[in-house]
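The values are calculated or read from the model by the stated rules, or taken from the named source; none is laboratory data. All figures in this text were calculated on a predicted structure; none of them were measured in a lab. Reconstructed Cβ throughout: ideal geometry from the backbone, glycine too, with neighbour counts over all protein chains shown. For accessibility, only protein heavy atoms count, side chains too; no ligands or nucleic acids. Shrake-Rupley method; radii C 1.70, N 1.55, O 1.52, S 1.80 Å.
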Amino acid sequence: MAEIRNIVILTGAGISAESGIDTFRAEGGLWEQHRVEDVATPEGFARDPDLVLRFYDMRREAIQTKQPNPAHDALARLDEHWEGNLLIVTQNVDDLHERAGAKRVLHMHGTHLNAWCTACDVKNPWTGTLADRPPCPDCGQSALRPDVVWFGEMPYEMERIYAALRTADLFVSIGTSGAVYPAAGFVRDARSLGAHTLELNLDRSQGSGWFDESRQGRASELVPEWVDTLLDS
Ligand code: APR
């Protein structure tokens with residue numbers, strides 16, 4: 001493998017699973033308990049805003065009780081010590097990467113801990129509830145929604161992600177099923193642009209075949225192992 005300087009890491013729900021946050025597509029996962037169309041689309045929100053706001057209130061409350069696990073800690077350690085470029089692109093809407101201490105994190109699917117005012121378009125940090133229709137701190141209107149990207153909406157900061165992928169020497173995907181685009185396509189983009197590609201996931205994902213290398217196991221074990229090897233090399 002050529003010398004590695006620029007790294008892009010994609011994380012998904014699997015990296016937070018051992019912190020006690022449900023993944024989406026596992027048996028008993030969130031999308032078995034709730035219909036995606038009801039709680040994760042703009043149309044579902046227009047149809048039944050109370051249901052959607054209550055669903056995200058519960059999740060926002062729950063994630064605040066969870067703690068980062070050794071996989072988040074290892075990525076934070078990598079972020080602290082890696083002198084080349086590094087971008088941790090997460091599909092997760094929890095803040096466990098940041099709470100572990102990582103700084104170079106991009107939330108392509110938004111974050112539970114922001115409220116977005118659909119009247120004035122301002123986003124504010126938010127830890128409380130939204131179902132009770134609190135006023136926007138900026139414009140005062142009761143028009144807040146969770147700042148999460150729903151199906152049919154555009155993920156955030158795609159230009160910054162593709163710019164990082166274009167110069168990546170190494171692309172690593174951790175704990176994601178490879179079921180949702182555009183994130184699921186990053187491995188092919190990175191590979192065609194010359195990066196070595198590595199997957200760390202509990203089992204083989206839908207995209208495993210696209211990676212140069214795929215390792216199966218728990219994120220809390222695989223990620224610290226991989227980070228230690230990289231920092232020692
Ligand atoms: N360690 C490593 N991987 C794990 C672990 C673990 N402890 N537990 C589960 N996984 C793996 C699963 O095997 C699965 O492949 O994590 C993956 C989680 O997949 P999904 O539930 O589909 O989550 P994700 O890929 O993040 O979903 C993408 O879909 O609905 C949307 O917007 C939501 O961002 C989310 C997107």
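Here is a list: T65, T41. Which entry is over 19 Å from V149 (Cα atoms), of a type in the set (S, T, N, Q) and surrounded by fewer than 19 Cβ atoms within 10 Å (Cβ to Cβ)?
T65 is the lone residue from the list that is over 19 Å from V149 (Cα atoms), of a type in the set (S, T, N, Q) and surrounded by fewer than 19 Cβ atoms within 10 Å (Cβ to Cβ).
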Test result for L222, at pLDDT 95 or above, farther than 23 Å from P42 by Cα and not acidic (D, E) = yes
Qualifying residue in the range 52-60 (condition: closer than 20 Å to L200 by Cβ, buried (at least 21 other Cβ atoms within 10 Å of the Cβ) and under 16 Å from the mean Cα position of the chain (by Cα)) | no
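Does the range 77-86 hold any residues that are in a helix (DSSP H, G or I) and more than 13 Å from W226 (Cα to Cα), and which are they?
Going residue by residue through the range 77-86, those that are in a helix (DSSP H, G or I) are 77-81.
Result: D79, E80, H81.
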For the range 133-153, how many residues are assigned to a strand (DSSP E or B) and among the acidic types (D, E)?
-> 1
Quick count over the range 1-43, residues being in a helix (DSSP H, G or I) and within 11 Å of the ligand (Cβ to nearest atom), is 9
Of the residues that sit in the range 2-19 and are open to solvent by 40 Å² or more (accessible area, probe 1.4 Å) and of a type in the set (G, A, S), which one is nearest to T167 (Cα to Cα)?
-> A2
Is at least one residue of the range 186-194 in a loop (DSSP other than H, G, I, E, B) and assigned by TED's automatic domain parsing to the domain that holds I4?
-> yes
V39 meets each of (1) touching a Leu at 6+ places or on another chain (Cβ under 9 Å); (2) in contact (Cβ under 8 Å) with a residue 24 or more places away in the chain with one exception, condition (2)
Checking V52 against (1) within 15 Å of the ligand (Cβ to nearest atom); (2) β-branched (V, I, T); (3) not in a helix (DSSP H, G or I), which single condition isn't satisfied?
-> (3)
How many residues are of a type in the set (A, V, I, L, M) and either open to solvent by 50 Å² or more (accessible area, probe 1.4 Å) or without any contact (Cβ under 8 Å) to a residue 40 or more places away in the chain (or both) if we restrict to the range 156-186?
-> 2
Is there a residue in the range 112-119 that is in contact with a helix residue (DSSP H, G or I) (Cβ under 8 Å, 6 or more places away or on another chain), surrounded by 21 or more Cβ atoms within 10 Å (Cβ to Cβ) and at pLDDT below 95?
-> yes
Hey, does the range 197-214 have a residue that's among the aliphatic types (A, V, I, L, M) and within 13 Å of the ligand (Cβ to nearest atom)?
-> yes
The number of residues in the range 77-101 that are open to solvent by less than 10 Å² (accessible area, probe 1.4 Å) and more than 24 Å from W116 (Cα to Cα) is 2
